[in-house]
Amino acid sequence: VTGVHAQDTALLRDHGFPNLLSHALTLRQTVGYSSVLRLYVDLMLIAPILLRLAGWRFWAPLPPALLLWIAAGHFHLVLSNSLSGAPFALTILPWTLIFALGITIGQGLVDGVALPRPRGLTGLALGYLVGYLVLAVVVVRLWPAAADWAATRNDAFWLGAGKTYQSPLRVLHVLALAYL
């Protein structure tokens with residue numbers, strides 16, 4: 001048994017099935033890849049607030065979500081699994097920005113807000129995606145420092161790429177894909 005299943009087996013052995021089940025059902029401990037359920041519950045709880053803000057001004061969910069995202073990433077404010085102590089991979093604070101971006105784009109479409117389409121912005125988005133692809137496929141294989149960064153990129157916020165903190169590089173990637 002390796003990877004995630006080994007961790008779950010160790011938690012079961014160390015804490016017992018009733019205790020593990022109690023923590024899993026209250027979403028304090030994830031089993032396998034169930035952390036996405038915790039994220040969905042949390043996002044559905046804040047959805048009414050963000051939708052209300054978007055109804056007032058389509059862009060209004062972005063400032064609070066942006067501040068929350070920066071604070072969570074910079075100060076590593078993510079919840080941890082109650083039994084293992086490992087940080088949740090999909091936690092509410094950093095992922096609020098991605099959710100707020102979706103609500104903002106959706107409300108903007110409903111309000112008839114036109115997306116600016118200058119060639120320069122399209123070129124930047126395409127250039128970013130191609131650059132990231134070249135970095136991931138070519139540079140990481142040829143440059144040891146880039147390979148070291150790729151191996152540890154999930155631990156960093158500002159120049160990382162992990163799902164835990166939703167780094168700026170990851171958010172730019174999502175925005176560039178959505179824009180194109």
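The values are calculated or read from the model by the stated rules, or taken from the named source; none is laboratory data. As the structure is a prediction and not an experimental result, all values here were calculated from the model. All Cβ positions, even for glycine, are placed from backbone atoms using ideal geometry, and neighbour counts span all protein chains on display. In case anyone asks, the SASA skips ligands and DNA or RNA and just uses the protein heavy atoms, side chains included. Shrake-Rupley method; radii C 1.70, N 1.55, O 1.52, S 1.80 Å.
A few comments on the model shown:
- ³J(HN,Hα), Karplus 6.51/-1.76/1.60, whole Hz, each residue of the range 164-173, x for Gly, Pro: 5, 9, 6, 4, x, 4, 5, 5, 4, 4
- For Leu67, solvent-accessible area (1.4 Å; no DNA, RNA or ligand), Å²: 120 Å²
- Estimated inter-spin distance, Phe75 and Arg119, nm [label 7 Å along Cα→Cβ]: 4.6 nm
- Global geometry of the range 54-180, whether rounded, prolate or oblate, following the gyration tensor of its Cα atoms and the 1.5 cut on a/c: oblate
- Under the Karplus curve 6.51 cos²θ - 1.76 cosθ + 1.60, θ = phi - 60°, whole-Hz ³J(HN,Hα) for the range 108-121, x wherever Gly or Pro sits: x, 5, 4, 7, x, 6, 7, 7, x, 10, x, 4, x, 5
- A full extension of the chain between Asn154 and Leu133 corresponds to an added length of 5.8 nm, given 0.36 nm per residue minus the alpha carbon distance.
- A cut-off under 15 angstrom between Cβ atoms defines the neighbours of Leu62, and their net charge, with Lys, Arg +1 and Asp, Glu -1, is +1.
- Placed amide H near Ser80: partners under 5 Å, 5+ positions off or other chain: Phe88
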